[in-house]
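The structure appears right after this line, and notes come after that.
The values are calculated or read from the model by the stated rules, or taken from the named source; none is laboratory data. Fair warning: this is a prediction, and the values are worked out from it, not measured in the lab. Don't worry about glycine lacking a Cβ; one is built from the backbone with ideal geometry, like all the others, and counts go over all protein chains shown. For accessibility, only protein heavy atoms count, side chains too; no ligands or nucleic acids. Shrake-Rupley method; radii C 1.70, N 1.55, O 1.52, S 1.80 Å.
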Amino acid sequence: MRMPWRRWSVRTSLTLATAVVMTALCAIISMLILTSAHADRTAERNRLNQNAGMRAGTLQATHQLPPVVDDPSVSALQVIDPRGRIAAASPSMIGRPRMAWFYPPPGQRLGSGQTMCDVPGFGNACMLVSVQRAPRKDGYWMIYTAAPAYPWLVSGRLLASLLVGSGLVVAVTTLGARRIVGRSLEPVEATRAQLRKITLTDLGHRVPVPEPRDEIRDLACTVNTTLNLLETALHRERRLTANASHELRSPITAMRTQIEEALLHPAETDWPAMARCVLNSVDRLQTIVTDLLQLTRIDEGEAGAMTPVDLSDMVNRELAGHPRTVHIVSDLHPALVRGDPFKLARLFTNLLDNAERHAASAVTVRVGRDDGQAVLEVHDDGPELPADQRDVVFHRFGRTDTAGAKDRTDSGLGLPLAREIAGLHGGTLTVEDSDRGARFVARLPLHDPPHRHAG
């Protein structure tokens, strides 16, 4: 059976990591201390061995060297004459063979000690054997001295002290790390608990922001900012859904009423007139659905094919292709921009449709350049738009009750869609001051083809 992996919390993982790191660090430090202590003890013992050898060499130089040299500072001693014979030895080495065969380096009298575990008379015990060369008239004499070698742990007391000290350091560090990590993660746990309370039906909760100015505070602020944006977007979508439902219900209700009345009195119904009325309602439904679809695509960042577009040519084509019920006054000058021709045409027709609904007799359309931007202006001679209502008209399904409006066929999405299209092309759409009526001005970045710079 396959066992699931245990899920470790961040607190436990960091605590274990701290314990492992501190254990490894204490082990390394302990090994360095033991190595240093072992080297110091060995050097000291080698010095004692060499002092004992020097004393035996002094006795040999004064011809006072006895056959048995009893020096309590060493465990074994041997004096080797130039012919390789044992001239003197300690009591433990009487009758024993030569304890070692190594020599000091050439040109030196003293040699470093070597650890040997096969010194005659000491079994498998490891001994530190030192050697020195004593030059005489008859040749070089070798003096070997030996004492018990120190083990790697030097002494049990030192090893026990290091183990106890390392254990205390690891325990204190691990507990401290667990406490610090726990206190550091308390804001994260509070954020997690608060986020669990947040649902699509209740976005009013916000995560607590800790006092210290650290990464967790930045995370909490970012989460709250995201929640604010989410709540705003959700409210906007709910409002849009409610308004769209209301706008769609009105033409559907009108069509249902007309059809039911025609079915009740089929003989008295003017079917062509009724069909025209239903078709008007269908056109309104189609306009609303099309505008909603366009807004959705723009919200998703769909830009379309970007090509050079001359606003004056585009306005001429739209005016020629759609007859208007009011007089159109045009003042068009070349203004090249880069954008989606269909969306830019939709921007202009939405502005022109709005102006036609509110105009008293004429609509003025201007295209030109101003301060490095292309300017598209649509100005009607209808009622003036109050300053406090200039932003409302760009809200989705937003309308103003102006006295000069000729009908209520506006879906409430034309101007918001026009502003979104302008923003998609890096421009703006605003309502600017005018002596009469409403003056909508779209400003878009000019496009300069590369061949113009080359020329």
Using a 1.4 angstrom probe on heavy atoms only, work out the carbon and sulfur share of the accessible area of the range 80-169 in %. 60 percent
Residue by residue through the range 129-142, the couplings from Karplus 6.51 cos²θ - 1.76 cosθ + 1.60 with θ = phi - 60°, in Hz, x for Gly and Pro, are 9, 10, 9, 9, 9, 10, x, 10, 5, 8, x, 9, 9, 10
Considering amide H positions built from the backbone, and no H for Pro or chain starts, which residues 5 or more places from Y140, or on another chain, come under 5 Å of its amide H? none
Residues of the range 159-178 with amide N under 17 Å of the 7 Å Cα→Cβ point at L16: 174-175, 177-178
Between S330 and residues 5 or more places away or on another chain, which pairs have amide H atoms under 5 Å apart, with H built 1.01 Å from N, and which residues are they? V365
Net length gained if the chain between L279 and D40 were fully extended (0.36 nm per residue, minus Cα distance): 75.4 nm
Which entry in (1) 175; (2) 141; (3) 374 matches volume of the Cα convex hull per residue in Å³ derived from the coordinates of this structure? (3)
If the chain between W152 and Q286 were fully stretched, how many nm would it gain, using 0.36 nm times the residue separation less the Cα-Cα distance? 39.0 nm
Per residue, how much accessible surface does the chain expose to a 1.4 Å probe? Answer in Å², no decimals. 59 Å²
Under 4.7 Å Cβ to Cβ, no partner at all: give me those cysteines from the chain, in residue order. C26, C221, C277
With Cα atoms, 0 to 90° folded angle of helix 215-264 axis to the chain main axis: 30 degrees
Calculate the spin-label point distance for R47 paired with L110, positioning each point 7 Å from the Cα along the beta-carbon direction, and give it in nanometres. 0.9 nm
Rg [Å, one decimal], Dmax [Å, integer] - the range 154-201, C-alpha atoms: 20.8, 72
Between M306 and L163, what is the spin-label point distance in nm, taking each point 7 Å from the Cα along the Cα→C-beta axis? 7.3 nm
In deg cm²/dmol, rounded to the nearest 500, the helical mean residue ellipticity at 222 nm of the chain, built from -39500 (n - 2.57) for every DSSP H run of length 4 or more, is -17000 deg cm²/dmol
Difference of contour (0.36 nm per residue) and Cα-Cα distance, R192 to R338: 47.9 nm
How many nm is it between the label spots at L230 and E215, if each spot is 7 Å from the Cα in line with the beta carbon? 2.2 nm
